[in-house]
Each structure stands twice: as structure tokens, then as C-alpha cells.
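Chemist: Just dropping this structure here.
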Amino acid sequence: MKDKLKQIIIDGLNLEDLTPADINDDAPLFGEGLGLDSLDAVELVILVQKHFGVAIKDMNEGQKAFQSINTLAAYIAEQQKA
Amino acid sequence: MPESSDHTPPPPRRPSGWNSRSVGTRFQHGSFYLLIRLGGKPLAYVLLAFVVLWYVCYPSTRRKCSHYLRRRFPHRQGFWARFVDSYRLVFSLGQLLIDRAALGIVGPAAMRVTFPDGPRLLEILAAGKGLVMIGSHVGCWQTALAAFEHVPTGVNLVIHRAEGDVDLHYFEHQGQVPPFRIIDPLKEFLGGVLSMLEVLRRGEILGLMGDRVFGGDRHQIAVEFLGEPALFPLSPYVLASSAGSPIVVLFSHRIGRDAYTLELAKVIQVPEGISRDTAALRPYVREFAQALEDYVDRHPWQFMNFFDMWDTSPLNDLTPKEMVDRHEG
């Protein structure tokens, strides 16, 4: 799941210089770390819905999920079970 | 929009030292509010005439006006012409602020607001795709909001109040709850974009300014406005493309001492799925810039953006590929 997620992020956000191995599971997605920004977040919401069928419905959920690959993968897994 | 790792976004970079704080002190604003209560707007306008003269004597005030004036009126460049035009522009701003205060102090009866295209807006909203409403620093958008009383969905406005801002929003004069939800891009996680997307997905209205960029330089694009490339935000178009929502360009216009009208200047349909492609978004930003130019052609004294939007130097920090995408031409 995490590797798939990383590949989706790389492809979807045009991070052409990166491979899944370059992305640390615990590194922050935004700012320092992967260096994504707020408009990337908009795209990420769409990508997660498209590829995993999981809607990030509000800001509180997004804030929890968008910390790192680990938190996002956990959020997707939790929502898919529910 | 701001970028942050600790969720406390940095203040927006303003190369010219510009900020959106109110002109004048709390006492000065309070004096105007008192005059409106005692003698209505005419009395406040009398004080305004002198206050504006005082402010326009400062070169810094005329400099702020000149960004717009020298492009809108390129043939009026002399000192006195610029002085008179600056006076007229700042006086218009003062009138709008007094109107806004009167709306809050006296109530809705203080202002007649018409919105001939209201039914068209409702029709667009009925499609259930949400609606990105782009306004501009023209006229007085707060008075125009009176026209939204009967809109059947939530109205959400992206507003940031700078520290030290002392002029009150109209609903604050009587301690009322705002008739719309405020999303503050400098206070919310990731610049509030998740909240913005959320309201669009609920089919609600998201109102943003189309002529002001908050924070990150990557989120702006230079398109021609009044004969030169000027910076416009990309965020409204990215959000519209991501959510599949139409964009409606709305401008308010003061048509008399107690009357405003709200015009639906344009409907912009940004295709879904192009939110990552800045070059593909450019024509839609141009449509907005053209609508704004048409507006200032008709109402030259109601353009209230004193920020130098023609300073495209923030784009110099971008990568070569981004610079090509974001520069005009």
C-alpha cells in the first residue's frame, strides 16, 4: 500500500526526480520533507479518492492524514475497512 | 496560498513592504463611525474630504495609487494630475468604507443592492457542483453580499485580516454573527485548501479574490492586465478544476449614494483534470483579467487594489520551467 501510494504521488504530482525509495515513510509530506505545498494537497485529495476510493471529507481528517506516508496509508486502510 | 510544515504559515512575502492593514488609526475609524451614527453618511463624507486630502499629501499614499493610475490613465502623468487622480481614488475608497460601515451601523435599510443576474447564479448553483465565486478589490463586496441572503446553500469567503487591521466588517458593528463562513488562509492547515475543496464538494459557494495572492510564489501567474503582465492567483482555477466547479466572476459597483449593483461579469468553465498544468490554466486566468479590465474601463474609480500586482519579480524565484509557464507570452 505505501509503495503504491508513493508511486501515485510521484506520478500524480509530477515529482519526476523521485522514486518510491527516496520517500521516507515518516517524513512530512508538506514543507520540509517531501516539499509538497497547499495546491498539491488539493491534487492529493483527488488522487486518494480516485485510486483508493477514499474521500477526505474535511479539514480535520486531512490534517490527521496528511502528515506523512505512514499516516496517509493508515488513514486509507482505516477508511477502506469502515 | 501559504506553505507550511508546522501548520503556522509564514506571512506572505511582499517585496514592496505592502500590507493589507487599514489606513488610519482606531480613533480615526471610530470618529467616522460616530459621525455616521450622529449625522448619517453625508456628515462622514464631509470629514472624509479633509482626511483624504491629508493622506494624499503623503508621497507614500500617491505611490500606492500610482501602480494602478499610471496604467489606467497613462496620459495623466504630471504631478497635479496624479495628485488629483490619487485624491479621487482614495476618496472613492473612503466612500466605500463609509457605506460598508453604514450598512453595519444602520442596517440593510442603509443600502439598496440589486443583482439582476441573481436567477442565473441560482441556476448554476442548482447543478450541485459548487461554485467558485471570484471577486476583486472593486466596489464594495460586503454590501453586495446582501444580495446573497436568499441563496439556498452556504457561502464561504476566503478572507485574511492583517494584524493591526482596525476597520470593522459590516456585521461586526452590531456584534452580529457573520452571514457567511470565513476561511482564513493564514490560519488554517495548508492555507485552508482542504476546507475550500470541502465546501465545493458540498455544493456550496466559495468566494475568493481573483486579484490577490496569499503567500507562495508558485501559486501565481503573470497575465496581461491594463497593458502589462500582472500577477494573479492560480488557486481559484486549481480548485475549480479539481472540484469540477464552475467559476463565476462577480463585481460590485456603486451606482449611487445608497445603491450598489452586483454584476455577474463572466462564467468560466475550467475543465476537470488540468489543475497541474499551469499553461493550460492560463487562458482561464486571462478571461478573469479581461473581465476585470472591462470593469475598470467602465468604472475606473472603483478599483481598490493598491498592491503592485504588476511587480512580477516574485516569479524570478521559480525554476526555469515554472517561469516559462507563469510568465505571459
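Derivation of every value follows stated rules applied to the coordinates shown; laboratory data play no part. Since we're looking at a predicted model, the values are computed, not measured. Neighbour counts are summed over all protein chains in view; Cβ atoms, including those assigned to glycine, are modelled from backbone coordinates with ideal geometry.
Chemist: Taking each residue in B:185-191, count the Cβ atoms of any other chain within 10 Å of its Cβ, then average. What number comes out?
Modeler: Other-chain Cβ atoms within 10 Å of each residue's Cβ, averaged: 5.
Chemist: Next question, about the same structure. Just report the Cα centroid separation between segment B:270-309 and segment A:1-58, whole Å.
Modeler: When both Cα centres are located, 30 Å separates them.
Chemist: So, counting K/R as plus one and D/E as minus one, what does the shell of residues with Cβ under 9 Å around A:ASN70 add up to?
Modeler: With Lys, Arg at +1 and Asp, Glu at -1, the neighbours total -1.
Chemist: Students often check this: by mean Cβ neighbours within 10 Å, which of B:239-248, B:127-136, A:9-18, A:54-63 ranks highest, and how do the rest follow?
Modeler: Descending packing order for the listed peptides: B:239-248, B:127-136, A:54-63, A:9-18.
Chemist: State whether segment A:2-81 is rounded, prolate or oblate according to the following rule on the C-alpha gyration tensor (a ≥ b ≥ c being the square roots of its eigenvalues): a/c under 1.5 gives rounded; otherwise a/b larger than b/c gives prolate, and the remaining case gives oblate.
Modeler: The shape class here is rounded.
Chemist: Another question, then. Please give the net charge around A:LYS2, taking every other residue with its beta carbon less than 12 angstrom from that of A:LYS2, where Lys and Arg add +1 and Asp and Glu add -1.
Modeler: Taking every other residue near A:LYS2 into account, the sum is -1.
Chemist: Still on this model: Go through A:LYS2/A:LYS50; B:LYS64/B:LYS187; A:LYS6/A:LYS81; A:LYS50/B:LYS129; B:LYS41/B:LYS64; A:LYS2/A:LYS57 and tell me which ones have a Cα-Cα distance over 24 Å in this structure.
Modeler: B:LYS64/B:LYS187; B:LYS41/B:LYS64
Chemist: If you average the C-alpha positions of segment B:56-80 and of segment B:181-238 separately, how far apart do those two centres end up, in angstrom?
Modeler: A separation of 28 Å, based on Cα centres.
Chemist: Out of residues 5 or more away from B:PHE225 or on other chains, whose amide H comes under 5 Å of its own, with H placed 1.01 Å from N in the peptide plane?
Modeler: Here B:ALA230 satisfy the definition.
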